[in-house]
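Encoded as structure tokens, the structure appears first; notes follow it.
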Amino acid sequence: MATETVERRASHRRSLKVTALASLAGVLAGLLSASFASGPSDTLGVAVAAAAIFAALGAMRLVGVDVSEFSTKDNLYVAFMVFALWFVVWTILLTTGAAL
């Protein structure tokens, strides 16, 4: 019984790390896109989002998440989280006209 609890907690901590890092990477990518891209039609904004996906996976390695064990579903989850938060943050910054 005790080992099941320890395994569940370790799995939960891993999930929290993955979600937090993917979310932070998406928010940072949205801020960087607003800073570097000239507007919504500039493809540099999308390039920043793509780079953030790979940076998030690298950051996960640094904090101890074994990304070599990721399935296709896990990789798609990270990519979706980064993309979704990048899209939301950059859209808000573009529609409000905020300058960074």
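The values are calculated or read from the model by the stated rules, or taken from the named source; none is laboratory data. Keep in mind that what you see is a predicted model, and the values were worked out from it rather than measured. Note: ideal-geometry Cβ built from the backbone for every residue, glycine included; neighbour counts use all protein chains shown. These accessible areas exclude ligands, DNA and RNA; they are computed on the full protein's heavy atoms, side chains included. Shrake-Rupley method; radii C 1.70, N 1.55, O 1.52, S 1.80 Å.
Ligands, DNA and RNA left out, the 1.4 Å accessible surface of the chain is 68% carbon and sulfur atoms.
With runs of 4+ DSSP H residues as the only contributors, calculate the mean residue ellipticity of the chain at 222 nm using -39,500 (n - 2.57) per run, divided by the residue total and rounded to the nearest 500.
About -28000 deg cm²/dmol.
Highest-first packing order for the peptide set 22-33, 46-57 is 22-33, 46-57, based on the mean count of other beta carbon atoms within 10 Å.
Couplings for the range 86-98, taken from phi via the Karplus curve 6.51 cos²θ - 1.76 cosθ + 1.60 with θ = phi - 60°, read 4, 4, 5, 5, 5, 5, 4, 5, 6, 6, 8, x, 5 Hz in order; Gly and Pro are left as x. On the basis of the beta-carbon distance and an R0 of 35 Å, A55 and V6 show a calculated FRET efficiency of 0.70. Note on Rg and Dmax of the Cα atoms in Å: of the candidates [x] 15.9, 57; [y] 13.7, 46; [z] 14.4, 47, the value calculated from this structure sits at [x].
Taking 7 Å along the Cα-to-C-beta vector as the label spot, tell me the I92-L44 distance in nanometres, rounded to one decimal. The modelled label-to-label distance comes out at 2.3 nm.
Farthest towards the positive end of the charge dipole of the range 1-98, among the residues A22, S35, F87, is the Cα of A22, using unit charges on the Cβ of Lys, Arg, Asp and Glu. For the range 31-37, the Karplus equation 6.51 cos²θ - 1.76 cosθ + 1.60, evaluated at θ = phi - 60°, returns couplings of 5, 5, 5, 5, 7, 9, 7 Hz by residue, with Gly and Pro reported as x.
Maximal additional length on extending the F36-F70 stretch stands at 9.1 nm, based on 0.36 nm per residue less the C-alpha distance. What the chain shows is 66 Å² of accessible area per residue, with the surface traced by a 1.4 Å probe over protein heavy atoms.
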